[in-house]
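A quick write-up on the structure given underneath.
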Amino acid sequence: MNSSLVKLAQVHSYCKVTKLYNQIRIFTYLFSNLLLFQNCLTSKPPLVQWASIAASQIHTSAPMCRVVSGKYRITKKRDRPLTYEMANPPHYIAHRKSWNSWNTSSLKDGLRRSETALEDEFIRRFMTGTWHGLTCSEIIVKRQFNHIRVAAIVRRAVSPTKMYFLLGYTEELLSNWLQCPVTLELQTVDSFKDVVFKYI
Amino acid sequence: MYSNIILPTRWSRFTCFCRSLSSIEGQKLPQSSKSSDGISPPPRIQRGPTDILQALASTVGPDPTAAHYKYHDDPYLIPLSNYRKRAYALSAEAGRKAAAWIRDEHAELFTTREWDPPGKTKTPYFNADPKIDAFTPRPIYNDESTVTEEDLKHTIQNALLEDSVKVFQLLGGIDGVADYNLKLSFLQLLCFYNEKEPDSMEWLEERWFSANTRDRHAATWKLGGLADKIFASLEQKTSEAYCTIIQGMAKHYQAKRAHMLCQEAIEQGIPLSTSTFNGLLGCIGFLKEGTSLRVEALKQLLAQMEEQGLTPNEETLTSCLRSISAWGGGKILQQLAQQIIIEFRKLGIQPGLSAYYYLLCLYCKERGPRIDILSIILTDLEKREKLIPQDVTDTNFFITAMGVCSDHLQNINLAERLHALLMKGDNYKLVGDAYKESIYYRHFVTVACRHASFERTTQLLDTLVPNVYVPEPTVMEEIIKTLEVAGAGDRLAQAWSQLVVFGIANRTKLVERLLQAMCNCYEYQSDDIKAKIRNAASDIIKYGQLTDEEIQNANKQDRRSPQQKLSADAMANIVALCSDVKEKSEPDWDTVSEALNRLKRNEAAGVPSKPQVLADMAQTAASMGKLGIAATALKYLAECGFEEAMPASVQTLGVILNRPQQDVETMLQQRGDLERTLHPSALAVLDAYYLAKSGGTSRDAASSTSSESDNESSTSDDE
């Protein structure tokens, strides 16, 4: 039962990722079209164009306004388990739930934007793969100075000794990979059911 | 590969330099003693990079209610027993080692230079700051590597002994390395570690838990090893080279050669350092036999030092005392130690922790007379602002001193003072490793249990157990004794759950001791505490059952650890505790019958020493209508041939029939009448009476009757 739930959850998270991915693809497609279009109109070099568009903050994805990313479809049997984080759609961020990545790269003059995003995704995949079938929640990546704190909820499916092994392994390998101290902040629950907020 | 980015790196360095200059300039202003407006800010204090962190850390004291910070803060992951503490910390480290192995094994994958990656020159790029050397892959040296003298320098600086030997050989050995200073520093490395790879500083837990790796006091110096060869090959033997090789030999107890080399150097007029003489002083015991000869040699060496014009230091005192304490005890050596300390005091040299440790070893022998030098030592140490660790043996001081408090002096006040000293400031790092820490607390808790007030003891236990220290079985016994004397029933009931949590609940002796303690102070407890004690007692018997089942399962796999049986006394104690209830429906009766069954099935070792307990229980049981239990108890008594069986069964019958004792005795004369009138379960009591009367210790008769009574008792229980 538990494992199937976890599998379900994983499948859904994949769905979410692919949805997001599609969204981005459409967005970039539109964006490039627009660029081409503008290039035809004016004879300025493309880079300047890019800058002006970024500055003007045109919402180019307006036609696709039916927001689907980060939301889950209701199943017929109403048996899809959702965690609290999944149950709240993105517009509730900072109201009912908070961010999954904490860093300052998106502030004005923020550093290492793309690198941060990529590293966060790497950390997420590394965690779900290393703690295989154990992670019950989203993986929260918090950055402070050169220190990365990774928080998650895991199932108590393996013995504490093994968990400590994985803890040490993950921390050391990630810090060697990312060249900065990494700390894991885990909480354990008895089963995946404990983190299910509702079924839809 | 990185050539195209040298310029920006340099540029950033330059800007950084400029910034630092400007900041220095900005800070220079206040240093002038007085400014025009009469405000003079204090001069700038130079701070290190971690000073703020240390200041912050000093605001938080140790929190004994939380587990050590190396453990993960989650109820599932917090260890509560000694075994788990060790296992968890070491598994985390094993994981770390696995990761480090992957990093070193696949070093080609870990070449991302986060701090200055290639191809990032066009956009303004901010490098990861600071660059941390510990996260970069280590170079691996094997036979195919091409190495330079830089590599040798690097390995020597990082104390990578095996790597440096490899590099040295790759460079062509003794003839290959031409640089004299490099050769000398390599010789120093070899001498310090005796050509053995030291335990890595990286694996803290392994060092912490590597129990009792006491360095052997034997000549471990590798004769004719690489160090010797390098020293022999040096064409021009300077004072540094002599000092190095002599210290190395002295450190690893190759006393004779060290002294020979020392004489050689003195004859050639090569000056030797104080530390060289310190090393020689430390290994006199390996040079001479017999106390008087050794003392003479010691004095001779000190005189030689004076001839050379060397001033002794604290280490000299320590190594003198180390030698003296290793030669045994006795008045002469004690006096000599005293003399030396007084003379060093005159020179203004205070003994350090190691010196005091050796002094304690010298004075406080296990079977010797009680000498209280510890209070003097403590008074001296308390006066010092800070205890600065200087020697590895410094960590032996606290454990030895606490041992002296506990075994030799048996003085709780001194122990408290010592503990306060350990807790002061940054001193806790002097506790040593896990092994020493646990011994330290073992002594401390033992002396507190024996000599401190009960309030102080419980307060101490509440702060220490279980996060700082988990008591070992012997200490637990001491604690149980203390609780028993103080009559703390509540804590005794808790002690059982502690035994389970600490993983020592299968220590039969300890559990028996606990049951006895519970029994002894059961009477004068309040009702709710009595209930708690009864619960604990029934838990104890259930715990045994659980492990029995597990053993049956485990028996198929291996039968390495046969479960020890609780003694019959323990069972009797459980019976006595659990039979003290007011209601027939109490679940405690199940515990009683389980205990009795175990007694009957001979599953408990021995026979109860106080059978009266069972006899009393039989009456109580009968009065509550638990005739089956009463009958089983009486039958057991009769079978074992206790003389209490007969009067007890008469009394029990009296209770059942609600008649005075004489009436019952007269009725018992006519057996037939009674048998006809009695309830079947009461008949079993009757059987027990006749069995006891006939002195029926014959097992055959007993077993046949007991099987009958079994059936009867079971039917009566159901009613």
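So which of B:E586, B:E550 is modelled with pLDDT of 75 or more and not assigned by TED's automatic domain parsing to the domain that holds B:A618? Lay out the reasoning, then the answer.
On the way: B:E550 fails: modelled with pLDDT of 75 or more.
Result: B:E586 is the single residue among B:E586, B:E550 that is modelled with pLDDT of 75 or more and not assigned by TED's automatic domain parsing to the domain that holds B:A618.
Among the residues of region B:240-277, count how many are closer than 24 Å to B:L226 by Cα and part of a helix (DSSP H, G or I).
Filtering region B:240-277 down to residues closer than 24 Å to B:L226 by Cα leaves B:240-265, B:270, B:272-273, B:275-277.
Keeping just the survivors that are part of a helix (DSSP H, G or I) gives B:240-251, B:255-265, B:275-277.
The qualifying residues number 26.
Does B:P130 meet the test of being exposed (fewer than 15 other Cβ atoms within 10 Å of the Cβ), part of a loop (DSSP other than H, G, I, E, B), at pLDDT below 80 and at the interface with chain A (Cβ under 8 Å from one of its Cβ atoms)?
Details: exposed (fewer than 15 other Cβ atoms within 10 Å of the Cβ): yes; part of a loop (DSSP other than H, G, I, E, B): yes; at pLDDT below 80: yes; at the interface with chain A (Cβ under 8 Å from one of its Cβ atoms): yes.
In short, yes.
Residues B:G248, B:G282: which one is open to solvent by less than 40 Å² (accessible area, probe 1.4 Å), in contact (Cβ under 8 Å) with a residue 40 or more places away in the chain and within 30 Å of B:D179 (Cβ to Cβ)? Can you show your working first?
On the way: B:G282 fails: within 30 Å of B:D179 (Cβ to Cβ).
Residue meeting the stated conditions: B:G248.
Mind checking whether some residue in region B:445-458 is touching a Pro at 6+ places or on another chain (Cβ under 8 Å) and either at pLDDT 90 or above or crowded, with 21+ Cβ neighbours inside 10 Å (or both)? Spell out the reasoning first.
So the first thing to find is which residues in region B:445-458 are touching a Pro at 6+ places or on another chain (Cβ under 8 Å), and the list is B:445.
This time we only want the ones that are either at pLDDT 90 or above or crowded, with 21+ Cβ neighbours inside 10 Å (or both), so: B:445.
Looking through region B:445-458, at least one residue is touching a Pro at 6+ places or on another chain (Cβ under 8 Å) and either at pLDDT 90 or above or crowded, with 21+ Cβ neighbours inside 10 Å (or both).
Which one is nearest to the other protein chains (Cβ to nearest Cβ), of the residues in region B:56-85 that are assigned to a helix (DSSP H, G or I) and within 21 Å of B:L461 (Cα to Cα)? Walk me through how you get there before you give the answer.
Taking region B:56-85 first, the residues assigned to a helix (DSSP H, G or I) are B:56-58, B:82-85.
This time we only want the ones that are within 21 Å of B:L461 (Cα to Cα), so: B:82-85.
Working: B:N82: 15, B:Y83: 11, B:R84: 7, B:K85: 11 Å.
Once the filter is applied, the top-ranked residue is B:R84.
Pull up region A:152-200, narrow it to residues that are within 7 Å of chain B (Cβ to nearest Cβ) and hydroxyl-bearing (S, T, Y), then point me to the one that is surrounded by the fewest Cβ atoms within 10 Å (Cβ to Cβ).
Out of the qualifying residues, it is A:T161.
So in region B:184-207, with the set limited to residues that are of a type in the set (S, T, N, Q) and over 19 Å from B:E149 (Cα atoms), which one is most open to solvent (accessible area, probe 1.4 Å)?
Quick first cut of region B:184-207, residues of a type in the set (S, T, N, Q) only: B:185, B:188, B:194, B:200.
Still in the list and also over 19 Å from B:E149 (Cα atoms): B:194, B:200.
Values: B:N194: 5, B:S200: 51 Å².
This residue is B:S200.
Checking B:L577 against (1) open to solvent by less than 10 Å² (accessible area, probe 1.4 Å); (2) within 49 Å of the chain's Cα centre (by Cα); (3) at pLDDT below 80, which single condition isn't satisfied?
(3)
Considering only region B:252-274, I want to know if a residue exists there that is among the β-branched types (V, I, T) and in contact with an Asp or Glu (Cβ under 8 Å, 6 or more places away or on another chain). Please lay out each step first, then the result.
So in region B:252-274, the residues among the β-branched types (V, I, T) come out as B:266, B:270, B:274.
Filter again for in contact with an Asp or Glu (Cβ under 8 Å, 6 or more places away or on another chain), leaving B:274.
Yes, the conditions are met somewhere in region B:252-274.
Looking at B:L430, is it outside any helix (DSSP H, G or I) and of a type in the set (A, V, I, L, M)? Show your work before the answer.
On the way: outside any helix (DSSP H, G or I): no; of a type in the set (A, V, I, L, M): yes.
In short, no.
Is it the case that region B:172-184 has a residue that's in contact with a helix residue (DSSP H, G or I) (Cβ under 7 Å, 6 or more places away or on another chain) and assigned to a loop (DSSP other than H, G, I, E, B)?
yes
Would you confirm whether or not region B:62-79 contains a residue that is modelled with pLDDT under 80 and open to solvent by 30 Å² or more (accessible area, probe 1.4 Å)?
To start, the set of residues in region B:62-79 that are modelled with pLDDT under 80 comprises B:62.
Retained after the next criterion (residues that are open to solvent by 30 Å² or more (accessible area, probe 1.4 Å)): B:62.
Yes.
List, please: which pairs have Cβ atoms under 8 Å, are six or more places apart or on different chains, and start with a residue in region B:27-44 that is of a type outside the set (S, T, Y) and end with one that is open to solvent by 100 Å² or more (accessible area, probe 1.4 Å) and at pLDDT below 50?
B:P43/B:Q31; B:R44/B:Q31
The values are calculated or read from the model by the stated rules, or taken from the named source; none is laboratory data. Keep in mind the model is a prediction, meaning the values are calculated, not measured. We place every Cβ from the backbone using ideal geometry, glycine too, and count neighbours over all the protein chains shown. When the accessible area is computed, the model is the full protein with side chains, heavy atoms only, and any ligands, DNA or RNA have been set aside. Shrake-Rupley method; radii C 1.70, N 1.55, O 1.52, S 1.80 Å.
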